[in-house]
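Below is one structure, written out as structure tokens; comments come after it.
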């Protein structure tokens, strides 16, 4: 199982947090996403990791292969190969630390058995004035658990059940100091080297592809606008009715998630009365687009096309069967005519023999 599938299943909450928060203008970020399951089932891994620079995927790692894999159009040659070696060794270290932390959290939850998941997001952000901000969060079974505060060397617990792990980790001053050193020194240094390596790569913009899907239900229809394969992740999506912004209820938040190949996808839905679908338009704005892109739902002609094809095939089959039936009937008529001739010939021969016998006697 690759890192894209597992992380897509177990990290949506953490990813949405960063996708919606975004980064300040002219800032840069480096973040790692870790995920694992205590008893892997449904294809979930023991440990997997993804690394992003400015929302651009550049590395992945999984516990089974214990190998770091380059992602995206990065070049790891020359001096960059030493950085890649450091990244690979670092991810192996995170793999071990993740496993130790996982069992510690399970023990403190009195859950030595059963299937559980752990998610971690950590990294740093460097502002235009060179000021830095580090972040390190743990999520357990899909819920926030602990967050590290480098300024105070403390762990902020999200609930009572996280307090035991908080006290245990804070009881090891060396761990807290090493964590702060990574967030405030090692991470920014690594980010700077990656920015130099990614010159020309991080500036690329991939415009979004947009389509609108339709789902009907009794009394209401849902139109879903889907933006696909875009980069960077900041995107604006809105629904228009008769070319005007939809009024009334608050629009559904835009869900932005990674595809696993360095690009992103988002969607926005709206409920409309049946029969009024053509009055609604989805408008998308993205840095890769010169102007806003709009899309409307178009009824698929596939239904009529399929019906036409079925009708044509049925007609061909009927004609074919009629042709076969006609040939069978024709053969039977010829056969009967030939059989009738043989009978008449036999009767005539019998009559002639009878006349000859009478003439002799």
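The values are calculated or read from the model by the stated rules, or taken from the named source; none is laboratory data. Every value quoted in this text rests on a predicted model; they were computed, and no experiment measured them. All Cβ positions, even for glycine, are placed from backbone atoms using ideal geometry, and neighbour counts span all protein chains on display.
For the stretch 227-246, what are the residues that are under 11 Å from residue 283 (Cα atoms) and crowded, with 19+ Cβ neighbours inside 10 Å?
Hits for the stretch 227-246 are 227, 235, 237, 239.
Considering only residues that are touching a residue at least 24 places away in the same chain (Cβ under 8 Å) and farther than 12 Å from residue 297 by Cβ, look in the stretch 208-226 and name the one that is surrounded by the most Cβ atoms within 10 Å (Cβ to Cβ).
If we take residues in the stretch 208-226 being touching a residue at least 24 places away in the same chain (Cβ under 8 Å) and farther than 12 Å from residue 297 by Cβ, then 208 is surrounded by the most Cβ atoms within 10 Å (Cβ to Cβ).
Give the stretch 136-154 a look and list any residue that's part of a strand (DSSP E or B) and over 20 Å from residue 117 (Cα atoms), or say none.
149, 154
Run residue 249 past the list (1) surrounded by fewer than 16 Cβ atoms within 10 Å (Cβ to Cβ); (2) at pLDDT 60 or above; (3) in a loop (DSSP other than H, G, I, E, B) and report the number of the one that doesn't hold.
The one condition residue 249 does not meet is (2).
Could you count how many residues in the stretch 106-135 are in a strand (DSSP E or B) and either surrounded by fewer than 14 Cβ atoms within 10 Å (Cβ to Cβ) or without any contact (Cβ under 8 Å) to a residue 60 or more places away in the chain (or both)?
Summing the residues that are in a strand (DSSP E or B) and either surrounded by fewer than 14 Cβ atoms within 10 Å (Cβ to Cβ) or without any contact (Cβ under 8 Å) to a residue 60 or more places away in the chain (or both) in the stretch 106-135 gives 3.
Go over the candidates 33, 87, 44 one by one and state the one that is closer than 23 Å to residue 185 by Cβ, touching a helix residue (DSSP H, G or I) at 6+ places or on another chain (Cβ under 7 Å), touching a residue at least 24 places away in the same chain (Cβ under 8 Å) and surrounded by 17 or more Cβ atoms within 10 Å (Cβ to Cβ).
From the options 33, 87, 44, the qualifying one is 33.
Just need a number here: residues in the stretch 257-271 that are surrounded by fewer than 20 Cβ atoms within 10 Å (Cβ to Cβ) and farther than 30 Å from residue 56 by Cβ.
Result for the stretch 257-271: 1.
If a residue has to be part of a strand (DSSP E or B) and over 20 Å from the mean Cα position of the chain (by Cα) to count, how many in the stretch 252-283 make the cut?
The number of residues fulfilling the criteria is 7.
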